[in-house]
Each structure stands twice: as structure tokens, then as C-alpha cells.
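> Quick one: the structure is below, questions incoming.
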Amino acid sequence: MKQPKFFYYAFVCAILSIMTNLDHAFGTDQNAESVKSTLQRIGKFEVKQLVSPGFELLPLERKLFAMEIAKVIEAGHDIAWIQANESSLAIREVMHGLWKHREKFESLDRAALAEYLFLLHANHGNYDHRKNKKFVPEGLTLDRALNLSRVADAQNSANGVSSKLEEQMLALEREIFAADYRPAFHADGKGQDIVADSAANFYGPGITKAEIQGLPPEIGGHFLSYPVRGKSGNIELLEHRIGGRFDEYLRLVEHHLKNALQWALPEERPVIEAYRVALRSGDPQDLAKADGLWALYKPRDIDFQFNFIEVYSDPLNSRGEWEGFMILLNQEPAEVARVEKMRRHAAAFEAEMPVDEEFKKQGDFTPPKAEGAYLLYSGGANGERPFAGVNLPNTTINQKIHEQFGSKSYTADNVMADLGEAPKEFSPEQMNVFYAPEYHELLKTVNTKLERTLQVAAHEIWGHGSGRSREGVRDTDLRDYYSALEEGRAEIASLYHMLGTLIRDTDILPQSWSDQQLRDFQTATILIFFTAHLRTYERLAPDAEAIRQAHQWGRQAMMNRLIAEGALEVDSDPALPAPWIRKIDLEKARQALGGLWKQIQRAKSTGDFELAAKLFDTEGGYQEPHRKLRERIAKAIKDLNLPTEKAYLNPGFEAVRDSSGKVTDVKLVYEAPGDHAMERFVDRQVRRATTLREALNCNNLVVE
């Protein structure tokens, strides 16, 4: 059978639709050097944008390629909404329907609607994945929402448009307004079924954890599928492919990938073609082949990923969540040289791992390609709350690729730090609240930017890039503990190696440093790392009984182990403005981390589910003393009026044309800081969703 193809008018319709969004729906054109990341603070909310200096230096062909890849990312964006919860898109659409008539509403209703929409888009749905909890509108009751719906329906009718927003709002009543209806993104498994009772939409209605785990691994753990109950009662798989689940989105993704080929470099074309094959087949092995080519491909300036990538949102850590991002390499000489040293000496750090010899990589191996970068565009699961660092490929289907060919890691410098602004976390106001006075002078003298970037790079290169598993062991053997175990393993590796002397002996940290300088840097590393972890308690629900976000769960296990072994002390004196880390014993800390790493590595390398469960259910516990710490931390953050909710906007792409209509340049377009940033954020998201829907409606494919 021949491959699907577009009618010409469908090509034009889809292209114009997406290009309209990227070209014209954005704010002020500014030079990246003068742009600020933060647009506006509004109470607990902070509206930000991705700023990427250096894009203007790219040749035209690369700018056009970047614009087309942005369209690829846009085309699949809503897939992550669907995977977040089966009602997410319906909730978004009814709220968008109200937003279009906000001028008819009272100011308090407008503000409440803007806040709820901000949260919806920041989380691509009505569940905060970090808090693992559903959120409901504040200041907008069902009665008020129904009244607004009636106003909007009447206005639509007066304009000759038929709408049923009131009817739709009533149908979604429990999903939107009932906090106790499906309250958790991931059910806790204590009296609940972690699959059937989770809001995350990776399994069809009524499917249970036991049913999935009773299937053969190639079915139960099928990376690109959605299990549903068939007419016979048996479980069937809807594959994520063109012609299968997400068909309309994946056809549009494939179309823009095909368009991108005209601007792609020769070494990029095989990667793109391999992903096109995977989009058609829905075969995890085809996706693994594409990921392998991507891992081996060495970008010159721009890199990109899109597809079903991470497994963190699946309660069983088996099925991929849609994600898309594009990065612009940051060629800062000092950072590039440091990362190359880290990669060049990776074998020496592998040999120093405190784990059983059989679980270490032997001989020559390819460590992750880790680089500093600017996150240029973000969509899907990465979306409006983008990563600060990423290491890919890292899922079960890529396990052999990772071990044989390595992976690629990027640190998003424009997410880790606010461009155009002074760092806030070490301001006197915050230091006085979150750090004991005896450490203030240390934090003023230590290079905190170096500490941060080095720790993230170590996490990716010496953490995710380390170790090997026994033949036949699959990451899915660890089921719902895998993600926390892998992220915890990488975090342990980064701190363990940063507490050693090899990092100075290899000149990754200056060989000229004295022992005292090294110890000061190491002390600051532990201090900053675990203070930051304590501050993440604020993200948890006040009544949370457990931590389930993978990175946070791993760090919790580390902190509990260090405290238990006397390497770390948290001073929780109520007279203090917040809990302070007081005692740090570097030698005991490294020993404790090494012991935990040895156990975690054994669990990963042997697929020992019982050991993983024991480690994280005990070491990673979050109990009453922790909840009391959370109360103190949340109060301190509130008293300082620090933002607790952040969301980012992508830049716009503006094609500059000459008098004949020929494109002569492509510019990134940024929003200007100022008032009404939240409303501008919501406006942008409404246009984004509307434009994608128009493109999907235009995208008529015919199979010959």
C-alpha cells in the first residue's frame, strides 16, 4: 500500500495555520541581549519566557529549519494533555470558551478564570504532577462558572455562533470542581489500584495494575500503546502511530518533519527519516533505531527531540509520554572545555564507583554527550514547565543503545538561571531565611554558577551514563520504582564524585585549588543541594503522605540516609525563620552516599524489585516530621512573597520577507516585561490551541 499523502490544499491550509501561530501571535521584537526572562510577578505566579541569545547568528537555512521543527513540536503538543487526563482537553476548551468573553465578566471572575487557566496550561491539565494532586478553581464556584457560561453562550448566540458551554460545564462538574473526585495524578497504592485509580491517562477505563503485570512483557510494557478492554473482555493495545491512536496529531507531526528535510543538514536527514518510520509503524523497535541514530548524531548548532520519551507520568513507568523540545547549543568556551574533560575521564570515575565490579562498565565506552544549551522551544510534557537538564535516550527500549553508544545530555542555561537578571536565591533576604549565618560568607565566595552547572553535568554524565545491567534485565522489572531509582542514582553519583578528589586531580575543578578551597566547594554543594530539596517540600500538598515525583523521591532517600548516618543535620528549631542545614560531615556524607549507591545500583542492574521497594519505601519516606518541616518552609516562602508557580512562554518565529515575498531572515520574537503578563500568557495559549485545532481540521489525508 502506498504511503498517505496530502492534497495540495490541505498542505497549504496546515502550513498557513501553524505559520500564523509562529509568525504573528507574539509580542515585541527585541534583541535577545536586552530581553529579560521574567515578564511579571503576580502573587504566587511568575510568568517567564525562554530567551536564546545567539539564534540571530545562525545562517538562514538553519533558522528556517528551526522554525519547521517548532511546528513539529506544536503539532504534537496536545497529546500530552490527553495523556495527562481523559478530560483535560474538554476542560481546557470550555474554559477557553469563557475566556473569549472575559470582557463581559466582573473583574474578580476574570482574575479567577485567568488564574485557573494559567495553572491548566502550566500543568497541561488540572493535576499538578509535582504535588501529585488535583487542583480546582479558586474563587470560581460551579454556580459562578455556570453563570459565566450562560453569558458566553448568549454572546455567542448574538454573534450567530452556537455554543453549549453551560451544558459542557455541567458535564464536567466533578472533573473541574470536586477535589475529592479522582484526587491524585498517581494513586498511592495503599488501598487503591495504582493504575485504575490514577488520573493519568495511560490505560483505558477499568484496567488494573494486576492485569497489566499479568501480561507478557512485550504487551504489558509496550512503550507505544494504550491498553483498553476489548469486546471479548481481553486487553487490547491501541498503538501510538499514524492510523492508530493520536492519528491526526502524528500525521501533522510527520508532515512538518517532511518539510524540515529541505532545510536539514545531511547528518540530520537519516535521523528525521527514521522517526518518520516510527511514526507510521508504532513499533518500539523502530523508535529505538531512530533514538540510536539521534544519540550518535552530533549537532553543530541545533538539536531537537520529539516523540514518546519519558515514562515518569505512567504510574507503572512503562509507557512513553509525548514531549518535544529544541535546543540551541551554548558554545561558552569554559563550559565546553569542562564538559569535555568530564567525558574524557568518565572511565576513571566509573572505576571509582562504590558498586560491585560486575555492574561497572568495562574498557572503553561512550559517555553522554553533555553540553550547555539554551532551550529554544518546548512542548508536550516538557511544555510550560521545562527541564533544567535532560539525558536521553533513557527508557527501557533504549537500554542497549545507552550502554553501547551512550546518550546526549543538555543543561538548559536559560532555565537554570534568569537571563538578564541577578540570581535571586542567594540574595540577602533569602540567605537570612534559608541558610544558617555561619554559611553566609561561604556562599558569597563560592562560585555558585559553577557548582550548579557542574552538579547537573555530573548527574547526566557520571550518573545516567554509568553502570550496566545483567543480561536480560529490563528497567520495567522495577515497575513503579524505576524512575525514582534512576533519578536518585544519578543524583547520588553527582554528589559522590563531587565529594571526592578525582574531580580536582583531573582538572575538572582547578588543580591549583588547595584542600581548603576544595572542601569549601564541596560543603557549598551539599548545603545548596539539600536546602533546595527542603524547599521543594512546599510543592507537596499539606496532607501528602508520600513523595512520588521521581527526582524529589530520589533526593528524599539521599537526605534521609545522610541524616541517619550522622552526615547531615537539619535544625528545626521553631525560633528559626525556616529549617536550616547545620552540620555537614563531608567524609560521612560520601560514605553514606556510596552505601546507598551500591544498593540502588544492585537493584537496577539485577532488576530486584523487592530491593527497590524496600529502599524507596523506607529511605524515601515522608512522614510527620517532614510534614512539620513543610509547614515551616511554606510559611517562609509565603512571608518572602516568593513565586511558587512558574510557567514559560516559547519565543515566536517571525519570517522576514522582501518585496517579492522571499524569506530573507527569521527572527525570534519575545514578549516585553510589563503588566497583564498572565493575561498575555493565557491569550497566547488560547491562540495556540485554536491554531492547532484549525490545522488538524485542515489536515485531510487520503491513502491511495
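> Answer with one residue from 367, 302, 562: the one whose Cα lies farthest towards the positive end of the charge dipole of region 265-639, charges on Cβ with Lys, Arg +1 and Asp, Glu -1.
Towards the positive end, the residue furthest out is 367.
> Listed highest first by mean packing, meaning other Cβ atoms within 10 Å per residue, what order do 156-163, 619-626 come in? Could the numbers behind the result be given before it?
On the way: 156-163: 10.8, 619-626: 15.6.
Final packing ranking: 619-626, 156-163.
> On a 0 to 90° scale, report how tilted helix 333-344 is relative to the longest principal axis of the chain, with both axes built from alpha carbons and the result rounded to the nearest 10.
Taking Cα atoms only, the helix is inclined about 70 degrees.
> When you count, for each residue, the other Cβ atoms within 10 Å and take the mean per peptide, how do 356-366, 496-506, 408-418 rank with the highest first? Can you show the working numbers first?
Values: 356-366: 13.0, 496-506: 18.5, 408-418: 22.8.
The densest-packed peptide leads the list: 408-418, 496-506, 356-366.
> Can you tell me which lysines have their Cα less than 18 Å from the Cα of residue 36? Leave out same-chain residues fewer than eight positions away.
48, 424, 646, 667
> For the charge dipole of the chain, defined by +1 on Lys and Arg C-beta atoms and -1 on Asp and Glu C-beta atoms about the Cα centroid, which residue among 534, 316, 458 has the Cα displaced farthest towards the positive pole?
Positive-most Cα among the choices belongs to 316.
> Taking all pairs of distinct Cα atoms, average 1/r, flip it, and tell me the Kirkwood hydrodynamic radius of region 360-513 in Å to one decimal place. Could the numbers behind the result be given before it?
On the way: mean 1/r = 0.0566 Å⁻¹.
For region 360-513, inverting the mean 1/r across all distinct Cα pairs yields 17.7 Å.
> Would you mind working out the magnitude of the charge dipole of region 265-639 relative to its Cα centre, with +1 at each Lys and Arg C-beta and -1 at each Asp and Glu C-beta, to the nearest 20 Debye? Walk me through the intermediate numbers first.
Values: 47 positive and 60 negative charges, 28 e Å.
Dipole about the Cα centre, nearest 20: 140 debye.
> Students often get this wrong, so try it: which of (i) 54, 32, 28; (ii) 43, 34, 21; (iii) 38, 30, 28 is semi-axes √(5λ) of the Cα gyration tensor in Å as calculated from the structure shown?
Only one option fits the structure, namely (iii).
> Same structure, new question: Which of the lysines could a cross-linker span from residue 164 if the Cα-Cα distance has to be under 30 Å and same-chain partners fewer than 8 positions apart are dropped?
Within the straight-line cut-off, residue 164 pairs with 100, 104, 133, 134.
> Write down Rg/Rh for region 265-639, rounded to two decimals, with Rg from the C-alpha atoms and Rh from the Kirkwood relation over Cα pairs. Could you put the intermediate results ahead of the total?
Numbers: Rg = 20.3 Å, Rh = 21.4 Å.
So for region 265-639, dividing Rg by the Kirkwood Rh gives 0.95.
> Here's something else I'd like to know. Could you pull out every residue, at least 5 positions away or on a different chain, whose amide H is within less than 5 Å of the one on residue 225? Hs are placed 1.01 Å off N in the peptide plane, and Pro or chain starts have none.
Excluding prolines and chain starts, which carry no amide H, the hits are 240, 320.
> Right, another one. For helix 269-281, what angle does its Cα long axis make with the longest principal axis of the chain, in degrees from 0 to 90 and rounded to 10?
The two axes meet at around 70 degrees.
> Where nothing but the Cβ of Lys and Arg (+1) and of Asp and Glu (-1) is charged, how large is the charge dipole of the chain around its Cα centre, in debye to the nearest 20?
Details: 87 positive and 104 negative charges, 93 e Å.
Its charge dipole is roughly 440 debye.
> For the chain, what does the helix formula give at 222 nm: sum of -39500 (n - 2.57) over DSSP H segments with n ≥ 4, over the residue count, nearest 500 deg cm²/dmol? Walk me through the numbers before you get to the answer.
Details: 28 runs with 322 residues, N = 704.
Estimated from H runs of four or more residues: -14000 deg cm²/dmol.
> For residue 304, which sequence-distant residues (separation of 5 or more, or a different chain) have an amide H within less than 5 Å of its own amide H, given hydrogens modelled in the peptide plane?
Amide H neighbours of residue 304, under 5 Å, 5+ apart: 327.
> Evaluated at 20 °C with a viscosity of 1.002 mPa s, what Stokes-Einstein diffusion coefficient in µm²/s does region 154-305 have when Rh comes from the Kirkwood expression over alpha-carbon pairs? Mind dumping the intermediate values first?
Working: Rh = 19.2 Å.
It diffuses with D of about 112 µm²/s by this estimate.
> Helix 8-24 sits at what angle to the longest principal axis of the chain, using alpha carbons and giving 0 to 90 degrees rounded to 10?
60 degrees
> Can you return the lysines within cross-link range of residue 298? Criterion is Cα-Cα under 21 Å, with same-chain partners fewer than 8 residues away left out.
Excluding near neighbours in sequence, the set is 63, 258, 289, 341, 369, 400, 408.
> Here's a follow-up. Which of the peptides 675-683, 97-105 is most tightly packed, and how do the rest follow, judged by the mean count of other Cβ atoms within 10 Å per residue? Present the calculation step by step, with values, prior to reporting the outcome.
On the way: 675-683: 19.6, 97-105: 17.7.
Sorting 675-683, 97-105 by mean packing, highest first, produces 675-683, 97-105.
Laboratory data are not the source of any read-out in this text; all were calculated from the coordinates shown. Values in this document were obtained by computation on a predicted structure and should not be read as measured data. Every residue, glycine among them, receives a Cβ derived from its backbone with ideal geometry; neighbour counts consider all protein chains shown.
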